[in-house]
Amino acid sequence: MHYENDENFFRGYEWWLMKEAKKRNPNITLIGLPWAFPGWVGGGENWPYDFPDITASYVVSWIIGAKQYHDLVIDYVGIWNERNFDSKYIQLLRYTLDKSGLERVRIIASDNQWEPITLYMLLDQELSRAVDVIGAHYPGTTTVLEALKTQKKLWSSEDYSTFNDDVGGGCWARILNQNYVNGLMTATISWNLVASYYEDLPFGRDGLMTAEEPWSGNYVVESPIWITAHTTQFTQPGWTYLQTVGHLAQGGSYVALTDAKGNLTIVIETMTHNHSVCIRPPLLPFNVTSQNATFQLKGSFASIKELQVWRSRFEFKTNNPVFFEKLTPLQLSDGFFSLSLAEDVVYTLTTVTTGQKGGHPAPPPSARFPKIYKDNFDVANPPFSEAPYFADQTGVFEYHTNLTDPGPHVFTLRQVLTQRPITWAADADQTISVLGDYKWENFTVTCDIFMETQKKGGVYVAARVDKGGQSVRSAAGVFYWVFADGTYKVTNDIAGQTVLAEGKSGTRAYGWHTLTLTVKGQFASGLLNGYPLWKNAVVMDPKNGWVAIGTHSFELAQFDNFAVTAE
């Protein structure tokens, strides 16, 4: 909701993503967690709790709209990702959900550390009643005594976030087991599922698999996908962990789960320290060596005669791993079975017989972003609100139908945020959307621009932009700005502090202008409406980076006929 009463439930890719997930697994759990809030929610302050009733109704309207417009049932909702919580707000959110007939929607808090939320819950019964799940981020497989005392469900509500090579797969194997063994966490949520963003942004390839080249269609199924399957193909939400779980004598861990209908799944991992390090938190030393392990099934499981066996071997020494292979079923005698466990292996032993190593067609070959790229945004009914390949870092750039200009600029891309959001990270004060190949050095970018703010308005095209994500505030590059007051400026940074050139441009609001920026070696030059405006500005750094478009502040502005040509 870019402003109050702006209930547009067709923005972004998330609705599509949730519906595609539901097609594949109708029982999948959907969770909503605000990372940022629209600025109007906080009355212009960078704080969502001054008007808790407004924030609560904003969140609840999203949940209602998900069902109303997309038939998506949101199961859980969080408070504010890795930021402060407010007890009164949590209670009011619960009240607002209930009042809206959403008693089934559960609340997770606080998506940060175990403390102080657990302490607050122990001291405040009303808060404790409102919170259904305590969610901690990157807990390092451990919890705290206070969290156990609350008797609430404990989740690692964000984890992994690790480069998805085989060490990343080892990290995932270890924490999927040990989050329960060490910390009694019954859910582990990976951030993120699919790395589908430019790899040179922060946390490049920190997804369970990689699909970061929509222009080529290339994707890579990485080891964490198969490690996930060791658990998810043989259990479901609603299964419960048995209490007889723990560490193996020579290192590693095992868990056991049941559906309470006679099925049993055991997952064993023997990941060594150096082959299972996650990005955070630091991992204390431990030893794992190859071993023989004997298990005995008792009670209602004593009669099980056979277990299906699935194994993954990382094989770091030979660099020839084998993931998720089906072995000969294991025959049990009096509930006993033994396994010879090498280092860095994962086993699943299960009564579930539906396991299958899914296949996928060979993806198209990997390719760099095309060196010549154009977009005139002429899409009457776009499937998404965002244009392809543009990655908004601050601000929101959406397809727009420009009814005030029936000429060549009917369909444009528009920056639509006019108020700084309540931010999660230190966003830039300027809006920016990046595109292209981070390794590009020499290239020309051209774009038609239309400022919608008199006097104070400003728009830019940029080259060699070197930072995004939570680092975008300090992004360097070559930024070619024009302003509604008739001036231009060329800066080495998005903040506009290091000026390379400036002067009169004659640019104004409510008129179209064409900006052309060329960078080659240590020099940059710019055209306005096809004529030279400035040239030979000296650019020592950065040497490479993305193309970008953006605005001087949170203001309405339009872009059209975007084109880039790289050498």
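The values are calculated or read from the model by the stated rules, or taken from the named source; none is laboratory data. Given the structure is predicted, the values throughout are model-derived calculations rather than measurements. Please note: Cβ atoms are built from the backbone with ideal geometry, for glycine as well, and neighbour counts cover all protein chains shown. Ligands, DNA and RNA are stripped out before the accessible areas are found, and what is left, the full protein with its side chains, is counted by its heavy atoms. Shrake-Rupley method; radii C 1.70, N 1.55, O 1.52, S 1.80 Å.
Against the conditions (1) part of a strand (DSSP E or B); (2) touching a residue at least 40 places away in the same chain (Cβ under 8 Å); (3) among the hydrophobic types (A, V, I, L, M, F, W, C), LEU176 satisfies every one except (1).
With respect to the conditions (1) touching a residue at least 60 places away in the same chain (Cβ under 8 Å); (2) assigned to a strand (DSSP E or B); (3) over 14 Å from VAL181 (Cβ atoms), VAL267 lacks only one, and its number is (3).
Within the stretch 96-103, is even one residue assigned to a helix (DSSP H, G or I) and open to solvent by 80 Å² or more (accessible area, probe 1.4 Å)? Yes: one or more hits.
Only a single criterion out of (1) of a type in the set (A, V, I, L, M, F, W, C); (2) open to solvent by 10 Å² or more (accessible area, probe 1.4 Å); (3) assigned to a loop (DSSP other than H, G, I, E, B); (4) touching a residue at least 40 places away in the same chain (Cβ under 8 Å) is not satisfied by MET540, namely (4).
For the stretch 500-520, a residue qualifies if it is small (Gly, Ala, Ser), touching a residue at least 24 places away in the same chain (Cβ under 8 Å) and not in a strand (DSSP E or B), and the qualifying residues are SER505, ALA509, GLY511.
Selection of the stretch 9-48 for residues being more than 22 Å from the chain's Cα centre (by Cα), of a type outside the set (A, V, I, L, M, F, W, C) and open to solvent by less than 60 Å² (accessible area, probe 1.4 Å) yields GLY42, GLY43, GLY44. The residues in the stretch 470-495 that are touching a strand residue (DSSP E or B) at 6+ places or on another chain (Cβ under 7 Å), surrounded by fewer than 19 Cβ atoms within 10 Å (Cβ to Cβ) and outside any strand (DSSP E or B) can be counted, and the count is 1.
Of all residues in the stretch 72-95, those satisfying the criterion of being open to solvent by 30 Å² or more (accessible area, probe 1.4 Å) and over 30 Å from LYS23 (Cα atoms) are GLU82, ARG83, ASN84, PHE85, ASP86, LYS88, GLN91, LEU92, TYR95.
Among the residues examined, PHE314 qualifies as surrounded by 10 or more Cβ atoms within 10 Å (Cβ to Cβ) and touching a helix residue (DSSP H, G or I) at 6+ places or on another chain (Cβ under 8 Å).
Taken over the stretch 147-171, residues that are touching a helix residue (DSSP H, G or I) at 6+ places or on another chain (Cβ under 8 Å), open to solvent by 10 Å² or more (accessible area, probe 1.4 Å), under 26 Å from GLY32 (Cβ atoms) and not polar (S, T, N, Q) amount to 1. Whenever a residue of the stretch 226-247 is touching a residue at least 12 places away in the same chain (Cβ under 8 Å), its partners that are among the charged types (D, E, K, R), lying with C-beta atoms within less than 8 angstrom and at least six residues away or across chains, give the pairs TRP226/LYS357; ALA229/LYS357; THR235/ASP259; GLN236/ASP259; GLY238/ASP259; TRP239/ASP259. Cβ separations smaller than 8 Å between residues 6+ apart or across chains give no pair from the stretch 35-64 residues that are of a type in the set (Lys, Arg) to residues that are open to solvent by 10 Å² or more (accessible area, probe 1.4 Å). When each of TYR58, TYR69, TYR49 is tested for being over 26 Å from GLN419 (Cα atoms) and either outside any helix (DSSP H, G or I) or among the aromatic types (Phe, Trp, Tyr) (or both), the lone residue that passes is TYR69. Restricting the search to the stretch 323-364, which residues are outside any strand (DSSP E or B), β-branched (Val, Ile, Thr) and open to solvent by less than 50 Å² (accessible area, probe 1.4 Å)? Result: THR351, VAL352.
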